[in-house]
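The values are calculated or read from the model by the stated rules, or taken from the named source; none is laboratory data. Just so you know, these numbers come straight off a predicted model, no measurement behind them. Positions of Cβ are backbone-derived with ideal geometry, glycine not excepted, and every protein chain shown enters the neighbour counts.
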Amino acid sequence: MINALNKEITVFLNSIEGCSKKSIEIINEKYSSTITDDLSNGHITSNVCMVAASILKLNPKELSIQLAKQLNDLSIYEKVEAAGPGFVNITLKRNDFLSILETIQDKKDFFGQTDNKSGDKIQIEFVSANPTGPLHVGHGRGAAYGDAIARILTAAGSKVEKEYYINDAGRQIDILTASVMLRLNKSNDDFFPQNAYKGLYIEDIATNIKNDKKLEIKIDSSLFLNLSKDPEEEIDQLISALKDRNNKEWLIIKDFSLNSILKSIENDLKDFNVSFDVWFKESSLGNLADNKSKMYASIKKLQDDGEAYLKDGAVWLNTEKSGDDKHRVLIRDDGRATYFASDVAYHKDKVDRKFDKLINVWGADHHGYIKRIEASIEALGDKKEKLIVKLVQFANLFKNGKKVKMSTRSGDFYSLRDLINDIGPDAARFYYLSKQADQHLDFDLDLAKSDSKENIFYYIQYAHARIFSLEEKYHQKTTSKEINRGDGYNASYLKCDKLIHEISKYPSIVNKSAATLHPHLIIFYLRDLSQLLHSFYNDNHVLSEDPENLELIISSLSSVRQVISNGLSLIGISPIQEM
RNA sequence: GCGCCUGUAGCUCAGCUGGAUAGAGCAACUGCCUUCUAAGCAGUGGGUCAGGAGUUCGAAUCUCUUCAGGCGCGCCA
């Protein structure tokens, strides 16, 4: 409908005296024809005259009157009016307005998705929490967000691949291994370093190893005598000593711990309805000593291309070129690679996989890291615009009006698993996504469980359930199971118009949500739609309506339910059929 | 000090690629259940869109600036 209008608008622009091809191009770029906010301005509106007027130095009001006349003469619309400062408002013919119902009945679950599936190949990397403990509620927000934009971009026609980057090679894994090993230690129960992981899950892993592997560890207590007072040094000394003295056990414990934590993470995500296409291990990048590794290759490429250089015994990358505030070390003067070097190698691998766009979903505390990753992508010879980093702010959880604690090192914290058990995966996802991802979120657990209108999650679900129940009752009453479409409508029945107009906006909401990577637009749209539904439901006793109106009503409601269901599925939530 | 984010009704937030009288929920007050799910609906009051300047036919939206709040600035990961 809008495309057809825009074609007529192009005809109009061409008919304006002194309007060059170039001007038309600029105007086409800038104006927009959209579905109106509400029916008081017709069904479709265009601001083309105001845009054209400012470029061509003409009077917008006069232009809009001309355009309205020209469109009226085509007699394909019920009514075209010039309005306000230069809008052109279009009222569709009745059958055209109602045709959206047929479209929805035809497309069903696919309504709102782009027909053209030849979009970009996009990789979204998200969560990527270090496998040193259970996921906390901060990770939950990233998981909900990454998964939602994956679904939304897919609906908008992109080919999306979801990836989790596992940091299984760094010092933190050593700390994990040491922590478990100390818990396994028979001979000295009371020694536990400050910087080791203290959670209960460490003890669980230790217990499981003991049972599964029949592993006994006895650490010579002399080891604990001469450790550094500095907690960082202390844990490093322990790690290297434990590795040396119990190397065989070390490797077994490391492997076992890592796998059990990864399994629990995967399990938490599964129960949160989040899945990944690729689990990418940092360790698969290999290490610098191996000249066949990806790690070696990426650093070598940077050096060969003159992007990385040697200074003070270390290898540096000039990241200032891309706006970073200082150069960054890739390889330390002792020959060990930095975390940054791994990330460069990882991003080289991503670039080599030929995605059109790389979306990284990071915790907001990593924002200082963006510039240097962009710089490394440019140094590797690609455009930094290919990388889109979306930051997700931390969420504060409130329970009984009090802030819920969540730190990983101290054992006691509220995990994603706790959240899922508490309010269910759907409500959790819903509230995570109810505010823009890059802003602080106060997550009220009591609200998410409450049964008032303030709980928008149930407000929307309730709208869906009400329609579902009506449809069931309607089908029981009528002999034919199929709802008749099209010519059976009583087109003069107007009470459903607000609903029909609202659902016709849905495809553009999906597109906007995809273009801006803002899933919350879907939520706010569904809330508005639900509000109209509840209002309609209260004003009209559907099943006792005149039979000649009933088909249109049921078809409208059915379409509303379909749109709610489709919208919810974009944010990974299943609709409820019965409250 | 530098960088990023934020400031809209008493509270929690939408709206931000400039567009028509700035919206919603909560809270306050008033109505609506002998009929399909009241986890609902209808109504009333409530605003210098943090302050200032600029661009524009038009600014909550763009630019500059001031103020206030949050976060980040390791050869840690």
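Just one of A:L568, A:L529, A:L543 is out of contact with any Leu (no Cβ under 6 Å at 6 or more places or on another chain), modelled with pLDDT of 95 or more and within 12 Å of RNA strand B (Cβ to nearest atom); which is it? Among A:L568, A:L529, A:L543, only A:L529 is out of contact with any Leu (no Cβ under 6 Å at 6 or more places or on another chain), modelled with pLDDT of 95 or more and within 12 Å of RNA strand B (Cβ to nearest atom). Counting residues in the range A:499-508 that are under 18 Å from the mean Cα position of the chain (by Cα), more than 8 Å from RNA strand B (Cβ to nearest atom), aromatic (F, W, Y) and part of a helix (DSSP H, G or I) gives zero. Of the conditions (1) in contact (Cβ under 8 Å) with a residue 40 or more places away in the chain; (2) within 30 Å of A:T154 (Cα to Cα); (3) surrounded by fewer than 17 Cβ atoms within 10 Å (Cβ to Cβ), A:I100 clears all except one; give me its number. Going through (1) in contact (Cβ under 8 Å) with a residue 40 or more places away in the chain; (2) within 30 Å of A:T154 (Cα to Cα); (3) surrounded by fewer than 17 Cβ atoms within 10 Å (Cβ to Cβ) one by one, A:I100 breaks only (3).
To keep it simple, each residue is scored yes or no on (1) closer than 20 Å to A:M579 by Cβ; (2) crowded, with 19+ Cβ neighbours inside 10 Å.
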{"position": "A:L416", "(1), (2)": "no, yes"}
{"position": "A:F457", "(1), (2)": "yes, yes"}
{"position": "A:L494", "(1), (2)": "no, no"}
{"position": "A:K512", "(1), (2)": "no, no"}
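Please indicate, with yes or no, whether at least one residue in the range A:510-525 is within 8 Å of RNA strand B (Cβ to nearest atom) and either at positive phi or in contact with a Leu (Cβ under 9 Å, 6 or more places away or on another chain) (or both). Yes, the range A:510-525 contains at least one residue that is within 8 Å of RNA strand B (Cβ to nearest atom) and either at positive phi or in contact with a Leu (Cβ under 9 Å, 6 or more places away or on another chain) (or both). If the condition is being among the basic types (K, R) and surrounded by fewer than 16 Cβ atoms within 10 Å (Cβ to Cβ), then the range A:51-93 contributes A:K57, A:K69, A:K79, A:K93. Only one entry of A:S434, A:S452 meets the criterion of being within 9 Å of RNA strand B (Cβ to nearest atom), under 23 Å from A:N566 (Cα atoms) and outside any helix (DSSP H, G or I), and that entry is A:S434.
Exactly one of these conditions fails for A:D426: (1) surrounded by 19 or more Cβ atoms within 10 Å (Cβ to Cβ); (2) more than 20 Å from the chain's Cα centre (by Cα); (3) at pLDDT 85 or above. Give me its number. Status for A:D426: all satisfied but (2). Among residues of the range A:533-547 that are at negative phi, those with a Cβ under 7 angstrom from a residue that is among the hydroxyl-bearing types (S, T, Y) and more than 6 Å from RNA strand B (Cβ to nearest atom), sequence gap 6+ or separate chain, pair up as A:L543/A:Y474.
Would you call A:S469 outside any helix (DSSP H, G or I) and either over 22 Å from A:N273 (Cα atoms) or assigned by TED's automatic domain parsing to the domain that holds A:Q562 (or both)?
Against the criterion (outside any helix (DSSP H, G or I) and either over 22 Å from A:N273 (Cα atoms) or assigned by TED's automatic domain parsing to the domain that holds A:Q562 (or both)), A:S469 does not qualify.
Before we move on, is A:A345 modelled with pLDDT of 95 or more and closer than 19 Å to A:G286 by Cα? Yes: the conditions hold for A:A345. Checked against the criterion of being out of contact with any helix residue (DSSP H, G or I) (no Cβ under 8 Å at 6 or more places or on another chain), among the acidic types (D, E) and over 27 Å from A:S46 (Cα atoms), the range A:96-105 contains not a single residue that satisfies it. Restricted to helices (runs of 4 or more DSSP H) entirely inside the range A:12-113, those with at least 2 residues that are over 26 Å from A:C496 (Cβ atoms) and within 14 Å of RNA strand B (Cβ to nearest atom) are A:21-30, A:48-56, A:60-74. Those helices (runs of 4 or more DSSP H) of the range A:244-357 in which at least 2 residues are away from RNA strand B (no atom under 12 Å from the Cβ), hydrophobic (A, V, I, L, M, F, W, C) and surrounded by fewer than 19 Cβ atoms within 10 Å (Cβ to Cβ), considering only elements entirely within it, cover A:247-271.
Residues of the range A:510-532 that are under 15 Å from A:N566 (Cα atoms), part of a helix (DSSP H, G or I) and either hydroxyl-bearing (S, T, Y) or touching a residue at least 40 places away in the same chain (Cβ under 8 Å) (or both): A:V510, A:N511, A:S513, A:A514, A:H520, A:I522, A:I523, A:Y525, A:L526, A:R527, A:L529, A:S530. Each residue in the range A:148-176 was checked for being among the acidic types (D, E) and under 19 Å from A:D109 (Cα atoms), and 0 pass. Counting the residues of the range A:159-197 that are among the charged types (D, E, K, R), closer than 30 Å to A:Y346 by Cα and surrounded by 15 or more Cβ atoms within 10 Å (Cβ to Cβ) gives 6.
For the range A:358-388, a residue qualifies if it is more than 10 Å from RNA strand B (Cβ to nearest atom) and not in a helix (DSSP H, G or I), and the qualifying residues are A:L358, A:I359, A:N360, A:V361, A:L380, A:G381, A:D382, A:K383, A:L387, A:I388. Which residues, taken from the range A:544-579, are charged (D, E, K, R), assigned to a helix (DSSP H, G or I) and surrounded by fewer than 16 Cβ atoms within 10 Å (Cβ to Cβ)? The answer is A:E548, and nothing else.
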